[in-house]
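Colleague: The structure that follows is given in the form of structure tokens.
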Amino acid sequence: MLPFTVNFKVSARTLTGALNAHNKAAVDWGWQGLIAYGCHSLVVVIDSSTAQTLQVLEKHKADVVKVKWARENYHHNLGSPYSLRLASADVSGKIIVWDVAAGVAQCEIQEHAKPIQDVQWLWSQDASRDLLLAIHPPNYIVLWNADTGTKLWKKSYADNILSFSFDPFDPSHLTLLTSEGIVFISDFSPSKPPSGPGKKAYISSPHSSPAHSKLAAATGAKKALNKVRVLITQEKPSAEFITLNDCLQLAHLPSKRNHMLLLYPREILILDLEVNQTVGVIAIERTGVPFLQVIPCFQRDGLFCLHENGCITLRVRRSYNSVFTTSNEELDPDPVQELTYDLRSQCDAIRVTKTVRPFSMVCCPVNENKAALVVSDGRVMIWELRSAVCHRSSRNRAERHCRGRAPPGLPPAGSAPQVPAHRAAVGTARTALHGAHVPAADHKEHPDVPATARCRGIEWTSLTGFLSFATSTPNNVGLVRNELQLVHLPTGRSIAFRGERGNDESPIEMIKVSHLKQYLAVVFKDKPLELWDVRTCTILREMSKNFPGITALEWSPSHNLKSLRKKQLATREAMARQTVVSDAELSIAESSVISLLQEAESKAELSQNISAREHFVFTDGDGQVYHFTVEGTSVRDSARIPPDGSMGSITCIAWKGDMLVLGDTDGNLNFWDLKGRVSRGIPTHRSWVRKIRFAPGKGNQKLIAMYSDGAEVWDTKEVQMVSSLRSGRNVTFRILDVDWCTSDKVILASDDGCIRVLEMSMKSACFRMDEQELTEPVWCPYLLVPRASLALKAFLLHQPWDGQYSLDISHVDYPENEEIKNLLQEQLNSLSNDVKSLLLDPEFTLLQRCLLVSRLYGDESELHFWTVAAHYLHSLSPSARVPAGKEAAPQDRVHDPLDICYDILCENAYFQKFQLERVNLQEVKRTTYDHTRKCTDQLLLLGQTDRAVQLLLETSADNQHYYCDSLKACLVTTVTSSGPSQSTIKLVATNMIANGKLAEGVQLLCLIDKAADACRYLQTYGEWSRAAWLAKVRLSSEECADVLRRWVDHLCSPQVNQKSKALLVLLSLGCFSSVAEMLHSMRYFDRAALFVEACLTYGALDVCEDTDRLTSAVYADYARSLKSLGFRQGAVLFASKAGAAGRDMLGELQSPRQEPAEE
């Protein structure tokens, strides 16, 4: 028979369990593809693709309430490498910033001792990538430097702050959700706190109609107006309208500017912040399941919604025919009444109970096609959305295709058992049994075990099975229903071990399986001992009624199995000798007998009908020790030892070799040396000794003792304590059970539902992620050292190498040590087959490769850059331009526009269409004069003069603005382009702007087609975003480009320092040479080289001496960068492309190869 080997290397780790109510919102999905969530005071990190636990961070002393991954919205190089940074906050007000890969805390932040309400990293990371904003109750927002723990500034507000949301389009805009309403902050800056109290607005009930004037004659389709509620007002509404307690969430929509959602249990309200008006309502029917959370998408106007039954739904905004009218066209007779979100996909619900309910949901920020649901019992279910193209109504519809994964999560543990071969079984309050494979930190639940009683203990019977016992609630006479189940792990099948026994009897106190797994002792509270044969599930002896009550019992490790085997071997050899004649036949027979015996030894002794003699000892209530012998069906009373007067009531016994240890209710340990006939009592001055257990391994005399307040490890040879753990002093959790995992590691079950494997010192410590032994390979280049992760990125980007597309790192000249190269190859092997096929496809273009690698690395900055670059390189390259002599229509380049989530970066015609759709919806939704006035202002700026005049004429005669609006309607209607009138209007506009009436002056300039002047005035007064918006909707391409170029200069100024945004604006203008120059000046050498290569492929750079000089400089600097990474072949490639600028470096790179030849 082939030998069977077991890998006994087990690293210290924590297997987490059920969550605490404080952990409900403590979950986040990082750009690198890892999910972090809080479990009591721990932070768990899992891989979203394989659902494996990669890290458990343990330093918080209180329950974790928030976790946030650091953003990756910056350029990565050796100075700013890819790193796993995570911020976690707890109920005691402490914030810890972690280096997750190393498992160490980089800094700890503490301001107050109250729970952190919210925490977020600043998304604009040009100035600094270490800034963390936190809400410290009751009403403070504090900006921290998360690298040093320095407080940069602190700001207080009048009301209690519940949460906040950054505007994803403008880093200076922040919205606070308070106990009284909403506070809009428009001057947020890392350098100083907001100047004032912010603009305060109040939320009124979505079910109540505030007393506002309605538009007259609302008939027909406009009856929908009566269902619209004004949600944000400047006046504090009456008490019956305030329903902030019902408002579950506030969030900006990342898919379009100036839109926000408010989540209520039965409604999602979409608000347009320009008019503070509801423009869309997603309501649940009366029989529907209420909302719990919503996550708005970036790439599409869609919403991931979590419901109270654990169901995740995807709702996508319905697309209508675009509204694109000129100023002389009639109003749409059937305008869009509101934003409508259609249900496109949903996953299965979970079974919600008192202890199992959905906690929170997170979405993959890179592709937005996966959602993870965190359940209160510790499960994380990951659902993947897959789309199928459907040609119905010329729209793509997403069909449901979901996949769920549940990584390790254990409900509150009730008992931790013995651990054979790195396996642990855990009994829970629900009697669902979990088998955990400790090195891999995975587990499997066995729900087939009847869940009618509370699991109280577990004993292993073999490597593949165990016994568990449970007792029901006692009846009025103290009797219970006992359940003893034998579970087979590979199949999950369980059988009632005691058959029909168990009804209305004294509760089982403990079960003990003998050392050879032959016999089982069942101890009852008020009933005599039962002895069972584990192999046949039959009872051997039920002791008499006068049998002493048992307080502790333990089986001896000694037995006579070896002597029985020797006798059997001698008998078989004798039989074999009688049947052979020659010496040759004798040797053959002996070898065959030996092989048969070896095979017999490897099988269960049941097949051989061998019953070895085993021993057990127990103590009674008086402390007397009884010694019994069991052999087959024979049970004999061997000896009795009188009680030790120094010991109290014995609670537990451990026996190994010649050492017997007893523990009592007073915390005393008594060490008996059976061979030397010496006993020694040690008072530990701890509480009741609940359990003692010897460590496995021959000659290993270490012992673990569990008390009510902790545990200790003892060396029984020297009779001295090795280490101690005390609840409340060393740790915050309470220990429920202890055992040995290996000969040098202990395993603890704690009241926070976790299983901890610790070194013998029992000191909790995080582990390095790269030291983990995982069952499946995980793609995470963040775990590599910075040089290696950047070299791997270059290897993927610059395929093919030497004309060959390959994912074998050994095919390139990369002179790193073998360990680093093996790690790189493991990362490459962990890629999915779909990704590998794309990377090896010769038709896969450079731009596609850049986009794919940016998604693989979760590089937010690069993903946005290459998305915009790919779009405009394709649409503005010479091959895509309109042929000469053909006039380009505004719609020519709108058939496949850049998504509106990129806002100002979109094509002008598409941007104009979207703004017209938006103002049309605002017009339909208006309910007050203020809303009508804002719609009029927007229509005038957009050039929709006829529609603006109609709205101006709607002003009622009793309105104080009636006269002004009437005159304004006359002005808009009669304005001409003649010289005198233009001069007068321009003079009036200039005076108004000079006297603080900027918006009114800009309107007048737009009336006389002087939008370019209006943009200059807006920029002069610091309204840069408004100027860019006006240029996109009113100016020609050339004039718009001039305005945006001035904006780029402003963004690049040291005071603003938003060069990343400036790059994207230049890309949208087609200024590719300027983009390459700026990338080079910012020392983004890798991105600059790739961009220049892409531009040359598309012919997007003018052929001239300046271009050649720029290209050579970019390639040379990139070659030096690759050289610093140790990626020699990549450096040679770009040094050769750099021409004269890279000649010297090319010689340096190639010289080491030439030296051996010269010798």
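The values are calculated or read from the model by the stated rules, or taken from the named source; none is laboratory data. From a predicted model like this one, the values you see are computed outputs, not experimental measurements. We place every Cβ from the backbone using ideal geometry, glycine too, and count neighbours over all the protein chains shown. These area figures cover heavy atoms from the full protein model, side chains too; ligands, DNA and RNA do not enter into them. Shrake-Rupley method; radii C 1.70, N 1.55, O 1.52, S 1.80 Å.
Colleague: All but one of (1) open to solvent by less than 20 Å² (accessible area, probe 1.4 Å); (2) at pLDDT below 90 hold for residue 366; which doesn't?
Modeller: Every condition holds for residue 366 apart from (2).
Colleague: Kindly evaluate residue 1042 against the criterion of being in contact (Cβ under 8 Å) with a residue 40 or more places away in the chain and in a helix (DSSP H, G or I).
Modeller: The answer is no for residue 1042.
Colleague: Please report, ordered by residue number, the strands (runs of 3 or more DSSP E) entirely within the stretch 613-684 with at least 1 residues that are under 55 Å from the mean Cα position of the chain (by Cα).
Modeller: 614-619, 625-631, 650-656, 659-664, 668-673, 678-683
Colleague: Still on this structure, I have one more. So which of 954, 923 is under 56 Å from the mean Cα position of the chain (by Cα), surrounded by fewer than 18 Cβ atoms within 10 Å (Cβ to Cβ) and within 20 Å of residue 275 (Cα to Cα)?
Modeller: 954
Colleague: Another question, if that's okay. Are any residues in the stretch 267-288 surrounded by fewer than 17 Cβ atoms within 10 Å (Cβ to Cβ) and either assigned to a loop (DSSP other than H, G, I, E, B) or touching a helix residue (DSSP H, G or I) at 6+ places or on another chain (Cβ under 7 Å) (or both), and if so, which ones? Even if it seems obvious, please write down each step before you answer.
Modeller: Within the stretch 267-288, the subset surrounded by fewer than 17 Cβ atoms within 10 Å (Cβ to Cβ) is 283-288.
Scanning the stretch 267-288 gives 284, 285, 286, 287, 288.
Colleague: I've got another one for you. For residue 977, all conditions in the list (1) in a loop (DSSP other than H, G, I, E, B); (2) farther than 12 Å from residue 1007 by Cβ; (3) modelled with pLDDT under 90 hold save one; what is the number of the exception?
Modeller: All conditions pass for residue 977, except number (2).
Colleague: So if I check each of 307, 259, which one is under 22 Å from residue 384 (Cβ atoms) and not charged (D, E, K, R)? Spell out how you get there, then give the answer.
Modeller: Values: 259 fails: under 22 Å from residue 384 (Cβ atoms).
Going through 307, 259 in turn, just one is under 22 Å from residue 384 (Cβ atoms) and not charged (D, E, K, R): 307.
Colleague: Among the listed residues 761, 687, 743, 708, identify the single one that is in contact with a Pro (Cβ under 9 Å, 6 or more places away or on another chain) and exposed (fewer than 15 other Cβ atoms within 10 Å of the Cβ).
Modeller: 743
Results for (1) at negative phi; (2) of a type outside the set (A, V, I, L, M); (3) open to solvent by 40 Å² or more (accessible area, probe 1.4 Å); (4) assigned to a strand (DSSP E or B), shown as yes or no for each residue.
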residue	(1), (2), (3), (4)
88	yes, yes, no, yes
102	yes, no, no, no
107	yes, yes, no, yes
113	yes, no, yes, no
120	yes, yes, yes, yes
129	yes, yes, yes, no
154	yes, yes, yes, yes
177	yes, no, no, yes
188	yes, yes, no, no
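Colleague: Which of the residues that make up the stretch 489-511 are over 17 Å from residue 526 (Cβ atoms), in a strand (DSSP E or B) and open to solvent by less than 90 Å² (accessible area, probe 1.4 Å)?
Modeller: 494, 495, 496
Colleague: Do the conditions hold for residue 964, that is, is it surrounded by fewer than 16 Cβ atoms within 10 Å (Cβ to Cβ), free of Cβ contacts under 8 Å to residues at least 60 places away in the same chain and part of a helix (DSSP H, G or I)?
Modeller: Yes; evaluated as a whole, the condition is true for this residue.
Colleague: Something else about it: Here is a check on your reading of the model: is residue 135 within 28 Å of the chain's Cα centre (by Cα) and free of Cβ contacts under 8 Å to residues at least 40 places away in the same chain?
Modeller: Yes; evaluated as a whole, the condition is true for this residue.
Colleague: Mind listing just one residue for me: the one in the stretch 1061-1104 that is closer than 18 Å to residue 878 by Cα and of a type in the set (Phe, Trp, Tyr) and, of those, surrounded by the fewest Cβ atoms within 10 Å (Cβ to Cβ)?
Modeller: Applying the filter and picking the extreme gives 1098.
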